[in-house]
Every structure is written in C-alpha cells, then in structure tokens.
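Remarks on the structure that follows.
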Amino acid sequence: MKSAKKLIQLCEKYHDRMEVDVIHGRYIIDGCSMLGVHSLLGHTVTLEPQTDDKKLVEQFGKELEKYRNEC
C-alpha cells in the first residue's frame with residue numbers, strides 16, 4: 001500500500017508534463033488513478049512515461065529509484 005501511494009504521488013507530481021502508464025499484461029492504468037494502481041497491488045508492473053522529453057524521463061526515473069529504495 002505504501003509503495004502504491006508513493007507511486008501515485010510521483011505520477012501526480014509529473015502529471016502536468018507527462019502521463020505515466022502502469023502496465024500489467026493487457027491492462028494499462030493511469031499512474032494517477034488511485035483505484036487503478038491499487039487494483040494492481042501484488043503484481044509486477046511496467047511503467048511507461050508518455051513524453052519525448054528524455055531529461056524529464058531521466059529525472060522521473062531517479063525519483064522512482066529513490067522511492068523504491070525507501071520501500
């Protein structure tokens with residue numbers, strides 16, 4: 001639950017500059033969707049930022065790694 005909350009907060013932080021898709025199998029969930037992200041708890045997911053700004057994706061990745069190390 002804690003990791004899902006942190007992921008949602010991170011996606012919301014970047015929401016005005018890019019969308020982040022949370023993917024599990026054939027399901028694609030908006031990273032800002034609390035209900036959607038929580039429905040995937042316990043599953044391995046892939047995050048796919050939707051932007052052409054490579055620096056922004058790199059910054060997002062660094063913050064994501066920081067959150068992963070905290071959980």
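The values are calculated or read from the model by the stated rules, or taken from the named source; none is laboratory data. This is a predicted model, so every value here is computed, not measured. Neighbour counts are summed over all protein chains in view; Cβ atoms, including those assigned to glycine, are modelled from backbone coordinates with ideal geometry. Heavy atoms of the whole protein, side chains included, go into the accessibility calculation; ligands, DNA and RNA do not. Shrake-Rupley method; radii C 1.70, N 1.55, O 1.52, S 1.80 Å.
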*Selected residue (only one of 1, 18 is open to solvent by less than 70 Å² (accessible area, probe 1.4 Å) and either without any contact (Cβ under 8 Å) to a residue 60 or more places away in the chain or polar (S, T, N, Q) (or both))*: 18
*Taking only pairs six or more apart or across chains, which ones have beta-carbon atoms under 7 Å, a first residue in the stretch 42-71 that is more than 15 Å from residue 9 (Cα to Cα) and among the hydroxyl-bearing types (Ser, Thr, Tyr), and a second residue that is modelled with pLDDT of 95 or more and part of a helix (DSSP H, G or I)?*
51/57
*Please specify each residue of the stretch 23-71 satisfying the condition of being within 21 Å of residue 1 (Cα to Cα), open to solvent by less than 60 Å² (accessible area, probe 1.4 Å) and assigned to a loop (DSSP other than H, G, I, E, B).*
31, 32, 33, 40, 45
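Yes/no per residue for (1) touching a Ser or Thr at 6+ places or on another chain (Cβ under 6 Å); (2) modelled with pLDDT under 95; (3) among the hydrophobic types (A, V, I, L, M, F, W, C):
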| residue | (1), (2), (3) |
| --- | --- |
| 5 | no, yes, no |
| 11 | no, no, yes |
| 26 | no, no, no |
| 35 | no, no, yes |
| 42 | no, yes, no |
| 47 | no, no, yes |
| 58 | no, no, no |
| 66 | no, yes, no |
*Kindly indicate whether residue 11 is open to solvent by less than 80 Å² (accessible area, probe 1.4 Å), part of a loop (DSSP other than H, G, I, E, B), out of contact with any Lys or Arg (no Cβ under 9 Å at 6 or more places or on another chain) and not hydroxyl-bearing (Ser, Thr, Tyr).*
no
